[in-house]
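The values are calculated or read from the model by the stated rules, or taken from the named source; none is laboratory data. All of these numbers come straight from a predicted model, not from anything done at the bench. Using ideal geometry, Cβ is built from the backbone for each residue, glycine included, and neighbour counts are taken over all protein chains shown.
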Amino acid sequence: MISLEKIKKSFDNKKVISNIDFACEKGEFVTLFGPNGCGKSTLINILLDQTKADGGKITNHAQKIGYVFQNYRESLLPWMSVKDNILFPLKIKNISLDECEAKLKALLKITKLKLPTETNINNLSGGQAQLVTLLRALIIEPDLLILDEPFSSFDYNLKITLAEKLYEITRKLNLTTIMINHSLDESIYLSDKLYILSPAPSIVKKVIDCKFTKSDYKATITSNKFLNITKTAVQNIKTTEI
Amino acid sequence: MDRLIKSSGILVILLLWVIFADLLKIANSTILPSLGDTILALFSLDTLKNIATDLAQSGMRWFYGYLSGSIIAIILGLVIGSSKLLQKSSLFVIEFFRCLPVTALFPIFLLLFGMGNLSKIAMIAYASFFIVLINTIYGVIYQNKTRAKMANIFGCSKYQKFQNITFFGSLPQIFIGLRLALSISLIITIVAEMFIGSDMGIGQSLYNSFLTLNSVMLYGYLIIVGITGYLLNILFLKIEKKILYWVQ
């Protein structure tokens, strides 16, 4: 579905991405895990055609892409209601209000999410606001969902809740998902495949298969299988000098 | 208690006025008339009628000037702010004219528009224009980058991006400009009436009071100008709160 081959990228003669090969099959959840500045976001921008790569081949068969931003509050439109924010990608495609409403109703039902849709965005908690950005990404029925550090600004308890919800939704909808993340536990829990990147100029240090039967978050991250994967991942993480 | 704290500043000023003018009689009544005399003069029927006419005249000049200058500035600011090319090419012109005080341009306005209302309205519009223009341009330029990226990813057209994101995103900065321009345009209204001259208007009456050494009315008009500015500011804040309902 998506593949990046031998991608290279420099900014002002500083090499950020040295040579990266990456692939994501249909229905797969893949996480890019690496230190700050290793080019994870650049890689996504290259995939989305927002940044040009210096070299390499990009194959992207996704027609509709949903995106969940790290700075989720800033990506929302505070002058609109929760509902209008979620329906924004549909409204700009001139889809009728009735169809929009029907799609929202169906999406809320399938995701089992309850949100005050008529209220203003500012009245929502951080977790609720992030769910709005997730619903906004899902409302277009995306071929590809991109999550840019979706939990980075939440406390541990909320991270668990959101991770479980995200796991449930992505599997239920069989979504092809690429996530950028800093937390190893969440990445292993959510992903089918984990790409560990080296510090810049980055290369893929290791691709780890994380696909196994997962139950709830706490039970999963304390299972032997999970701990073994964590061990493999940690062995391939290069510590960053301060 | 809150009201008392809020009005304490003005109460202190009035108290000092009474102490210096009425009790200590430090200055003669031409320099600082009695507070009581000033208020009594203000509330006489003839004066009230004159003040109402003056306020209507000055208000009309201010309203047309402020409104026209601000509307043109917002439209131009949105256009310039949206185009890097226009930003670069207009920077010198904007900075040049912005630095010219409108009072220094009085003769030009008189030559262009004559002695009537038009020259005064044009001056008020000019003074409002640059403040609102600069703020609108910066409002557009310093948009939230994440929202712009979101719009691109979801496939917004340029017009949809402007309509749904750029315009609303720049409104808080536009309102900062409008609020600044509100007080500057009031000052220019008074100054233009004082120095260009007119049949009626607060500035003209204030100047006449000075020429005839009618200190009671001079101070009275100053009070009226202050109260008018204060009330307009309150009205502006109420409108701002209504329009920018999402700004916390």
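Kindly indicate the residue of segment A:117-146 that is within 13 Å of chain B (Cβ to nearest Cβ), polar (S, T, N, Q) and part of a helix (DSSP H, G or I) and also surrounded by the fewest Cβ atoms within 10 Å (Cβ to Cβ) among those meeting that condition. The residue in question is A:Asn123. Taking segment B:83-119 as the range and being in contact (Cβ under 8 Å) with a residue 12 or more places away in the chain and either outside any loop (DSSP other than H, G, I, E, B) or closer than 25 Å to B:Asn135 by Cβ (or both) as the test, the residues that pass are B:Gln87, B:Ile94, B:Phe97, B:Arg98, B:Val102, B:Thr103, B:Leu105, B:Phe106, B:Phe109, B:Leu110, B:Asn117, B:Ser119. The set of residues in segment A:83-93 being farther than 20 Å from A:Leu147 by Cβ and more than 10 Å from chain B (Cβ to nearest Cβ) consists of A:Lys83, A:Leu87. Among the residues of segment A:53-70, is any β-branched (Val, Ile, Thr), under 29 Å from A:Gln128 (Cβ atoms), surrounded by 18 or more Cβ atoms within 10 Å (Cβ to Cβ) and within 14 Å of chain B (Cβ to nearest Cβ)? Yes: segment A:53-70 contains one or more residues that are β-branched (Val, Ile, Thr), under 29 Å from A:Gln128 (Cβ atoms), surrounded by 18 or more Cβ atoms within 10 Å (Cβ to Cβ) and within 14 Å of chain B (Cβ to nearest Cβ).
Here A:Phe33 meets the list (1) touching a helix residue (DSSP H, G or I) at 6+ places or on another chain (Cβ under 8 Å); (2) more than 14 Å from chain B (Cβ to nearest Cβ); (3) over 22 Å from A:Ile169 (Cβ atoms) almost entirely, failing just condition (3). In segment A:170-179 there is at least one residue matching the filter, namely being within 14 Å of the chain's Cα centre (by Cα) and within 14 Å of chain B (Cβ to nearest Cβ).
Counting only strands (runs of 3 or more DSSP E) wholly contained in segment A:1-116, the ones carrying 3 or more residues that are touching a residue at least 40 places away in the same chain (Cβ under 8 Å), under 22 Å from B:Gly155 (Cβ atoms) and within 20 Å of the chain's Cα centre (by Cα) occupy A:55-60, A:65-68.
Just to be sure before I move on: is B:Thr30 hydroxyl-bearing (Ser, Thr, Tyr) and either part of a helix (DSSP H, G or I) or surrounded by 13 or more Cβ atoms within 10 Å (Cβ to Cβ) (or both) in the structure I sent? No: the conditions fail for B:Thr30.
Of the residues that make up segment A:210-232, is at least one surrounded by fewer than 17 Cβ atoms within 10 Å (Cβ to Cβ), of a type in the set (Asp, Glu) and free of Cβ contacts under 8 Å to residues at least 40 places away in the same chain? Scanning segment A:210-232 turns up no residue that is surrounded by fewer than 17 Cβ atoms within 10 Å (Cβ to Cβ), of a type in the set (Asp, Glu) and free of Cβ contacts under 8 Å to residues at least 40 places away in the same chain.
Suppose the filter is out of contact with any helix residue (DSSP H, G or I) (no Cβ under 8 Å at 6 or more places or on another chain), within 14 Å of chain A (Cβ to nearest Cβ) and of a type in the set (A, V, I, L, M); does B:Ile153 pass it? Don't jump to the end; show me each part of the working.
Working: out of contact with any helix residue (DSSP H, G or I) (no Cβ under 8 Å at 6 or more places or on another chain): yes; within 14 Å of chain A (Cβ to nearest Cβ): yes; of a type in the set (A, V, I, L, M): yes.
So B:Ile153 passes the test.
In segment B:45-61, the count of residues that are assigned by TED's automatic domain parsing to the domain that holds B:Ile176, more than 13 Å from B:Val216 (Cβ to Cβ), surrounded by fewer than 17 Cβ atoms within 10 Å (Cβ to Cβ) and of a type in the set (Lys, Arg) is one or more. With respect to B:Ala52, is the statement that it is modelled with pLDDT of 90 or more and not in a loop (DSSP other than H, G, I, E, B) true? For B:Ala52, the condition - modelled with pLDDT of 90 or more and not in a loop (DSSP other than H, G, I, E, B) - is met.
Being assigned by TED's automatic domain parsing to the domain that holds B:Ser198, under 24 Å from the mean Cα position of the chain (by Cα), modelled with pLDDT under 95 and hydroxyl-bearing (Ser, Thr, Tyr) holds for only one residue in B:Thr103, B:Thr146, and it is B:Thr103. Checked against the criterion of being more than 13 Å from chain A (Cβ to nearest Cβ) and either crowded, with 20+ Cβ neighbours inside 10 Å or among the hydroxyl-bearing types (Ser, Thr, Tyr) (or both), the candidates B:Leu178, B:Leu235 yield just one match: B:Leu178.
Could you identify the single residue in B:Ile108, B:Ile176, B:Ile124 that is among the hydrophobic types (A, V, I, L, M, F, W, C), out of contact with any Ser or Thr (no Cβ under 8 Å at 6 or more places or on another chain), modelled with pLDDT of 95 or more and more than 22 Å from A:Pro89 (Cα to Cα)? Exactly one residue qualifies, and that residue is B:Ile176. The single residue among A:Leu166, A:Leu194 that is in a helix (DSSP H, G or I) and not β-branched (Val, Ile, Thr) turns out to be A:Leu166.
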